[in-house]
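Single-structure report; data block below.
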Amino acid sequence: MRLNCVIIRAMKTRFAPSPTGYIHIGNVRSAIYPYLLAKQQGGKFILRIEDTDRARFVDDATELIEDVLKWLGLDWDEGPIVGGPDGPYFQSERKPIYLEWAKKLLASGRAYADDTDAETIDKYRNVCYNEKRPFLYRDFRPENPPEWQEGIPIRFKADPKARKWHDEVMGDLEAGPETQDDIILIKADGLPTYNFAHIIDDYLMGVSYVIRGVEYLPSIPNYLAIYEALGFEVPGLVSLPHILAPSGNKKLGKRDGAKSVTEYRDDGILPEAMLNYLANLGWNDGTEEEIYTKDDLIQKFSLAKVQKSGARYDETKLLWMNGQWIRRLIDNEGVEKFYPRTLNFWPASAANYSDEDRKKVLAIIYDRLKTLGDLREMTDYFFQDPEINLETLFKNKALKKLSEEDLSTLLQTSFQKLNALADWNEQNLQDTLNELLVETNTKPAALFSAIRIAVSFAPFSPALPLTLNVLGKNTSLARIQNTITAIEND
Ligand code: GLU
């Protein structure tokens, strides 16, 4: 069994993002699996910032990555902030290390300095294009490369041959010599390419499993050649399938409606739900279970059950899962403990109300929320009088058959009965509404819709006795009265 290797190696995994300022959900999944595996095996999870591509560098992008990982609860054992024995953990600070290893390859004849200019390389490319053959730089390898000096790129000297390897997700793979070329190790600016830097870093940092997106799969034969030339043991190789757009067979991109992780956070997706959803995107433990805590995931995750084909991104499912998580957390921990998480999500009208008032609203509405951001749209009428829109009332399915007069009478009767209620509480409200049903000989849907709309003018509200109870007697009655007046003036 392949999985035995997982247990034999000291488990060290890494997440190695490039700080581009945007954290796509696919990027984050490449952090979750390594994290879970490291924690499951009592190993270490490293965060390494791959910032050697200065053209793509964005200020604060590293902080963004750190914030997202912390938000998701993916704490790293080595890396920025926490440090560790094999730092620095920013590639831009490791320039001399890469150069030293590239020089070893120069010395052993497995690399060469190459000052061929871009124009000449283009010419080579054109030759191949015209001859209808793939462009391989090694076919144009210079016969007398110059002595290396600063400013000259260093290229690997490929040893093209058939290569076989095992990918923990994709299985046993092989590739022919045409997949291997003289790739650049060190660029003219002295910084390494990703292709070279990650090999050196993974080796020096003791990474036992390299888990990354499947887009790197075609480059693996080149990496195998470099491991070989350097005499490094090849780490466990793991290619994660793409996350696919909701429709079609293409990779999920910004245009497919997927937001960055921080946008989801700001819309009120909970980290528990995000972690759960992304972990499940392309992995399941073979059961029907869908809700997993971080601890469940640590226990149950296995690379053997990561699917090979792309997993389709489904925002509706994410929202459903988030709703499940809101309910689960409030049911388990109570409103009191959960409430601080909602602070950024209330409508402006709630500003003048106390935490206690808002908690009361949360307690009756949470089972309808899909995101915390829904609080903004769904709770405004608890904090300010809604705008009266009689169409909402007249066009309601349950009320369509009633004339304006009938409606007005129904609301007046309700007003009087509710007004007579001395002790305004949930149970009494429930009883009073039941009595009203009998007395007015109205269907529940009609009576409750009429009162609900009169006090909220919202498409949904929590159960009526709960809503009336939280609104309070004065507000509820005043709103019913205003609605009656509006109908009469209509
Ligand atoms: N820096 C690469 C990226 O952000 C990481 C690939 C890897 O995990 O090795 O795509």
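The table for this structure:
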{"quantity": "Residue match in region 192-203 (condition: farther than 23 Å from residue 150 by Cβ, touching a strand residue (DSSP E or B) at 6+ places or on another chain (Cβ under 6 Å) and not acidic (Asp, Glu))", "calculated": "no"}
{"quantity": "Search result, residues across region 186-200 that are touching a residue at least 60 places away in the same chain (Cβ under 8 Å), open to solvent by less than 10 Å² (accessible area, probe 1.4 Å) and within 16 Å of the ligand (Cβ to nearest atom)", "calculated": "192, 196, 197, 198, 200"}
{"quantity": "Residue 319 vs. criteria open to solvent by less than 10 Å² (accessible area, probe 1.4 Å) and outside any strand (DSSP E or B)", "calculated": "no"}
{"quantity": "Qualifying residue in region 295-307 (condition: without any contact (Cβ under 8 Å) to a residue 60 or more places away in the chain, under 18 Å from the mean Cα position of the chain (by Cα), open to solvent by less than 70 Å² (accessible area, probe 1.4 Å) and under 26 Å from residue 248 (Cα atoms))", "calculated": "no"}
{"quantity": "Candidates 269, 291 - the one that is assigned to a loop (DSSP other than H, G, I, E, B), at pLDDT 95 or above and open to solvent by 10 Å² or more (accessible area, probe 1.4 Å)", "calculated": "291"}
{"quantity": "Residue in region 214-223 that is open to solvent by less than 10 Å² (accessible area, probe 1.4 Å), out of contact with any strand residue (DSSP E or B) (no Cβ under 9 Å at 6 or more places or on another chain), away from the ligand (no atom under 13 Å from the Cβ) and touching a residue at least 12 places away in the same chain (Cβ under 8 Å) present", "calculated": "no"}
{"quantity": "Condition check for residue 182: open to solvent by less than 30 Å² (accessible area, probe 1.4 Å) and either under 41 Å from the mean Cα position of the chain (by Cα) or not small (Gly, Ala, Ser) (or both)", "calculated": "yes"}
{"quantity": "Only listed residue being hydroxyl-bearing (Ser, Thr, Tyr) and open to solvent by 60 Å² or more (accessible area, probe 1.4 Å), chosen from 203, 112", "calculated": "203"}
{"quantity": "Residue 249 vs. criteria away from the ligand (no atom under 14 Å from the Cβ), within 25 Å of the chain's Cα centre (by Cα) and in a loop (DSSP other than H, G, I, E, B)", "calculated": "yes"}
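The values are calculated or read from the model by the stated rules, or taken from the named source; none is laboratory data. What you see is a predicted model; the values in this text were computed from it and never measured. Cβ: placed from backbone, ideal geometry, glycine included. Neighbour counts: every protein chain shown. Accessible surface areas use protein heavy atoms only, side chains included; no ligands, DNA or RNA. Shrake-Rupley method; radii C 1.70, N 1.55, O 1.52, S 1.80 Å.
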